[in-house]
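Below is one structure, written out as C-alpha cells; the observations come after it.
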C-alpha cells in the first residue's frame with residue numbers, strides 16, 4: 001500500500017483553489033466530478049503526493065473551526081527558508097505566525113487557508129542549521145515547498161501505529177516527546193522503504209532527515225494518559241473539515257489484511273473504505 005493523498009472539504013472552490021495555486025504555488029493536477037462532488041487534486045512539481053479538495057454543493061457552508069479534541073489537526077509543508085516564506089505570506093496579507101524554533105522538534109510557522117484549514121510550515125533544517133538557498137522565482141513563495149505531513153490524533157497509539165504499519169505498509173521513523181500542557185507524544189510514519197539515518201526513533205538526526213524527504217508522512221499526536229480519561233474523547237471532524245487519508249494498492253491484498261485484523265470495511269465502486277480506531281476514514285484505490 002502507498003500513501004497517496006488526503007482530502008479536505010471546501011465550500012468556495014474558486015477562491016480556495018486560487019489561494020493554493022497563486023499564493024502557495026500548488027499546481028491543479030486534476031479536476032473531476034464524482035457522486036455529485038467536485039474533486040481538485042493539487043500537488044507540487046516532481047512529487048507523486050497531493051492534497052485533494054472536495055466541493056459538495058448541497059452541503060451547508062459552515063466555517064471550519066479546529067479544536068484540540070478533533071481527530072484531525074493540520075497538514076505541513078516542508079520549505080527551504082521559512083523566513084523567506086513568512087515574508088512572502090505577509091506580503092499577500094495572509095495572517096501567519098512568526099517562525100520559531102520549537103525545542104528540538106522543528107523551525108515552525110503556522111497559517112491557514114481561506115477555509116480555515118490549518119497549515120504548518122516546517123523548515124527542512126533546524127534554525128541553527130539554516131542554509132542560504134537561492135530563491136525559486138517560479139514559485140509564488142520563492143521557495144521549493146513539498147507536501148510533508150498530515151497530522152491526526154489518537155487515544156490509542158499502539159493500535160493506531162499497528163494499523164498503519166501492518167495494514168497500510170507505513171513504518172514508524174520518528175518519535176518526539178513534548179512536555180507542554182498535559183504533555184503529548186508525536187509519532188511520524190512514512191514509506192517503509194525509506195532509510196533513516198538511525199534505527200532509533202528518538203534520534204535527533206531522524207527529524208531533520210524527515211523534513212528533507214520529498215515524501216508524505218503521517219504524524220500522530222497522542223495526549224498522555226488520554227486513554228484513561230473517560231470524559232475525554234476525540235471528535236470526528238464534521239462535514240466542513242478533514243474527509244479521508246488516501247492510499248493506492250492491491251484491493252485483494254488490502255481486503256485480506258482487513259479481514260485478518262477484524263477491521264470492518266465496505267467497498268464503494270473501485271475503492272475500499274474503513275475507519276481507524278479514532279474514526280479517521282481510510283480510502284484505498286486499486287493501483288493495478
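Coordinate-derived values only; no laboratory data. Computed from a predicted model, the values in this text were never measured in an experiment. For neighbour counting, all protein chains shown are included, and Cβ atoms are generated from backbone atoms with ideal geometry for every residue, glycine included.
How large is the helix-only mean residue ellipticity at 222 nm for the chain, computed as the sum of -39500 (n - 2.57) over DSSP H runs with n ≥ 4, divided by its residue count, in deg cm²/dmol to the nearest 500?
Taken over the chain, the calculation gives -3500 deg cm²/dmol.
Going by C-beta contacts inside 10 Å, put 73, 209 in order with the fewest on the left.
Ascending number of Cβ neighbours within 10 Å: 209, 73.
Could I have the simple spin-label model distance between residue 130 and residue 22, label points 7 Å from Cα toward Cβ, reported in nm to one decimal?
Label-label distance for residue 130 and residue 22, simple model: 3.0 nm.
What does the highest-first list of 61-68, 20-27 look like by mean Cβ count within 10 Å?
Ranked by mean Cβ neighbours within 10 Å, highest first: 20-27, 61-68.
Once you keep just the Cα pairs under 8 angstrom separated by 6 or more residues, what percentage relative contact order results for the stretch 10-237?
20 percent
Restricting to the chain, compute how many DSSP beta bridges are antiparallel as a %, nearest 5.
70 percent
What does the extension gain come out to for residue 214 and residue 180, with contour length at 0.36 nm per residue minus their alpha carbon separation?
Taking residue 214 through residue 180 to full extension adds about 9.3 nm, to one decimal.
Could you please rank 137, 130, 252, 276, placing first whichever residue has the fewest other Cβ atoms within 10 Å of its Cβ?
So the residues, fewest neighbours to most, are 137, 252, 130, 276.
Most exposed first by the Cβ proxy, i.e. fewest other Cβ within 10 Å, how do 93, 117 rank?
If I rank by nearby Cβ atoms, fewest first, I get 93, 117.
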